[in-house]
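Remarks on the structure that follows.
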Amino acid sequence: MKIQQISLFLENKPGHLNAICRTLADAQINIVTLSLADTQQFGIVRLIVEEWEKAKEVLEQAGYVVNVREVVAAAVADRPGGMAEILDIIGKAGVNIEYMYAFTFRHGKEAVLVFRFDNPDRAIEALKAADRAVLDPVSLFSEAK
C-alpha cells in the first residue's frame, strides 16, 4: 500500500512556505500532513494530500518543480519501544529508511508514521508478515478527516 507524496524545493526565505500552502488552499486542496527539512538556503517540503494529481498540477502551474515519490504509512504502537519494533522489522528485511515523519492523527490507538524506503515493496511485505498495519490511501485519508 504505497501513497503518493509531493516534494518540492523552496528557498529558505520568509513567506515561501506560505505561498505553497496558499496555492493549495486556493485550489481547495487539504494538506493531510507535511514535513519541512531545511538547510541554510533551501528547504524540502514533503506533503501528503488526498488529491495529489491536482496538487501537482496546481503547484506546477504556479511555477514550482514538483516531484512525486512513493511512501509507506505504517501504524506504530504509541508506547516505549513501539518505534524500535518497527525499525527491527525493517532492519531484518534489509530495507533502508531514507527519511520518515509522523502523521498528525492516529490509527486507533497507534501513531502513524510515513516512511520513504529504498525498497518499499520489501518493506511492506516485511511489515505485513509481522502483522503490522500498512495503511492504504483510502483508509489513510478517511481516518485523517
Rounded to the nearest 20 debye, dipole of region 1-62 from Cβ charges on Lys, Arg, Asp, Glu: 140
If contacts are Cα pairs under 8 angstrom and at least 6 residues apart, what is the relative contact order of region 2-69 in percent? 46
Among Ala25, Ala102, Ala123, whose mean-square fluctuation peaks in a Gaussian network model of the chain (Cα, cutoff 10 Å)? Ala25
Once you wrap a convex hull around the alpha carbon atoms of region 70-140, what is its projected area averaged over all directions, in nm²? 4.4
Amide H partners (placed H, <5 Å) of Asp78, local residues excluded: Ala111
Long-range amide H partners of Phe42 with built H, under 5 Å: Asn12
Going by how many other Cβ atoms sit within 10 Å of their own, how do Tyr64, Tyr99 line up, fewest first? Tyr99, Tyr64
On a straight-distance basis, which lysines could pair with Lys109 in a cross-link, Cα separation under 20 angstrom, same-chain partners fewer than 8 positions away excluded? Lys128, Lys145
For Lys56, list the aspartates and glutamates whose Cα falls under 16 Å from its own Cα; do not include residues on the same chain fewer than 8 positions away. Asp26, Glu70
What FRET efficiency would be calculated for the residue pair Gln40, Glu110, taking the C-beta separation as r and a Förster radius of 22 Å, to the nearest 0.05? 0.05
For Phe9, Phe117, which order do you get if you count the other beta carbons within 10 Å of each Cβ and list the fewest first? Phe9, Phe117
Over the chain, what relative contact order in percent results from Cα pairs under 8 Å that are six or more residues apart? 27
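Which value, in debye to the nearest 20, describes the size of the charge dipole of region 1-118 about its Cα centre when Lys and Arg Cβ atoms bear +1, Asp and Glu Cβ atoms bear -1, and nothing else is charged?
Dipole size: approximately 180 debye.
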Please compute, over every Cα-Cα pair in the chain, the percentage with a separation greater than 27 angstrom. 24
If contacts are Cα pairs under 8 angstrom and at least 6 residues apart, what is the relative contact order of region 70-140 in percent? 43
Which value, in nm² and rounded to one decimal, describes the direction-averaged projected area of the C-alpha convex hull of region 2-69? 4.2
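FYI, it's all coordinate maths here, none of it is from the lab. None of these values were measured; they are calculated from a predicted model. All Cβ positions, glycine included, derive from the backbone under ideal geometry; neighbour counts span all protein chains shown.
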